[in-house]
Each structure stands twice: as C-alpha cells, then as structure tokens.
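K.L.:
First the structure, which I've put down as structure tokens, then a few questions once you've had a look.
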Amino acid sequence: MTVAPWRPVSRLVALDGSGAAQQLEPRAAARLVTAALADEPGGVLVRPSPRVQAILSELPPGLPVVGVLPDIPQLVRDVADEGTARAAFRRLRRRSLVAWLRLALTGLRHLPAVARHDFRGIVPVLIELERARLGAAPPHAVALAAPLTDLLLAAGHVGCLTHVVRFLRKRVRTQAGFETLNLGHLLPRLAAWGVSPDFVIGPLNPRGFRMKPSARAVLEAIHRSPTPVLASEVSAGGTVALASGVAHARAHGAAGVVLTLDEIPAEASPAPRASRSDGVRGQ
C-alpha cells in the first residue's frame, strides 16, 4: 500500500511533556491547543508519554497528529533504570494485541540487521516500540527524532535514512519526515543522496538561534530544497515575538511552523486556576 501525497499542515502545536504541557491539567492544555489553532487549522506534534496521551484524549477527534519517534533520552533512562526487556514491556503492557504483533513482525523482518547491530534494523524496531506509546490513534505522519537523524547524518548513513522513509511509508503507512538540529547540513545531503522525505523539521528564526551551521546556510538550503520544511524555534528561545517569528519563517520558505504551548500568547491561554485559601494545592 502506498501513502497518498501529504501536504504538511501550516501550524503544529508541540506537546513534549515539558513546560506548560507538563504543568497544565490535560483539559487545560487541550483548550490551549484548540485556541492556538482557532484561526488557522493545524495539528499537534507529539513525543510519546502518559501526559501527552492524556492531552490527546481531550482534543477533538481527527486532529492531525505528527509523532516524533523515538524518544531517545527517555528510552535511555528507562533502559538504564529497568533494563531493556522491562523497558520494552512497560511500553507495550497496556497495548492491544495489534501493537504486539506489529513489533514482532518488524523485529522479524529486520532480524538479520538487528543481529549485525545495523541501524537499518535497530531504528525501525525503536520506532515501532515507541509508536505503541502514542495510543490507539495512528499518527498522520512520523518524524525520526533529531538525535537519531543527526547521528545518521554525521555518519553518512544514507542507507538507513532511505530505509526509514520506506519503512514509514510502506509498513507504518504514514508520511515520513526527519527532525534535525542541523537543517543547513541535512537538506543538501538529502538532495545529494536522493532521499526524499515528505517533510523536515528544524530551527528557523530571525536571530539564527540553533540554526546550523549558520543562519545563512539554513536559508540557502531551504531555498534550494524541494522538501517542505516545518520551522521550529520560531521565537528564538522566547527572544522574538511569536507573530514576528512565524512571519519570518513563512517569508523564508517554511511550509509550516511548530509552536510550543509556552510560546502561545497569554491571551490565548486558559484562565489560571484559582488558589485555595485553605492552603491545599490543586491536583
């Protein structure tokens, strides 16, 4: 089965289990997402966690979900604390039989590569394992998380990058993208290698914040690349007004923007919860 061409949504709100996404109650966070998308249809960018699942359950059904997988920092912490087997089991223990079967089939298909410690086998298994943490709703698109994207980029592992795109499209049956902190390096390399993801996510803002190797290189790469770019870090770490950052990104070729709950203007935020005079803290 092939995946129909996907037009990236023009606005994504990132839910990553930190900042406002962690501090707000799920229903309040969902209201904030809805407010951020009121004037411009969009979706959510998620990194799997119980908190994110709770927020997703409060959002309207059918809202586009873009998963960033796998969550390498959390996975490393879990493996260090619990061991590989227990960390994997915890991700799947409350999932359906379908999730178990998907992981088993992915593991079997990639068994020779996994045995060789080849990223072409390891990365699809990690994606499938982490996809189970997103819950029942299938993502509209999946982006390989920046730590793995940039590692494969630095290693020149074109075979794995190509295989990830193919795996996501044909096996996961979703759109395939890459998240990166090296947009100016990644886009030209993808073109030279003939790798054609559906989108790439990377920093783009007026101050050059996190734009590598330089702001100029990133802008030139975006201009030359046929791959749609979803701009992250548009407010440059909070030093640029959100509207200005969004306008800058779009003026320089971004197909869409990624916002965080912390960047959404205060007027769109839900009213703060009233404190209780008896000194008991809210849940």
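K.L.:
List the residues whose amide H sits under 5 Å from the amide H of L15, counting only those 5 or more places along or on another chain, with H placed 1.01 Å from N in the peptide plane.
P.N.:
L45, V46, R47
K.L.:
Here is a further query. Which net charge results when you count Lys and Arg as +1 and Asp and Glu as -1 among the other residues whose beta-carbon is under 9 Å from that of P203? Please list the in-between numbers first.
P.N.:
Working: positive: R210, K212; negative: E233.
Summing Lys and Arg as +1 and Asp and Glu as -1 gives +1.
K.L.:
Calculate, in nm to one decimal, what D118 and W193 gain on full extension: separation in residues at 0.36 nm each, minus their alpha carbon distance.
P.N.:
Taking 0.36 nm per residue and subtracting the Cα distance, the gain is 25.1 nm.
Every read-out reported here was derived from the displayed coordinates using simple, explicitly stated rules and does not represent laboratory data. All values derive from a computational prediction rather than experimental measurement. Note: ideal-geometry Cβ built from the backbone for every residue, glycine included; neighbour counts use all protein chains shown.
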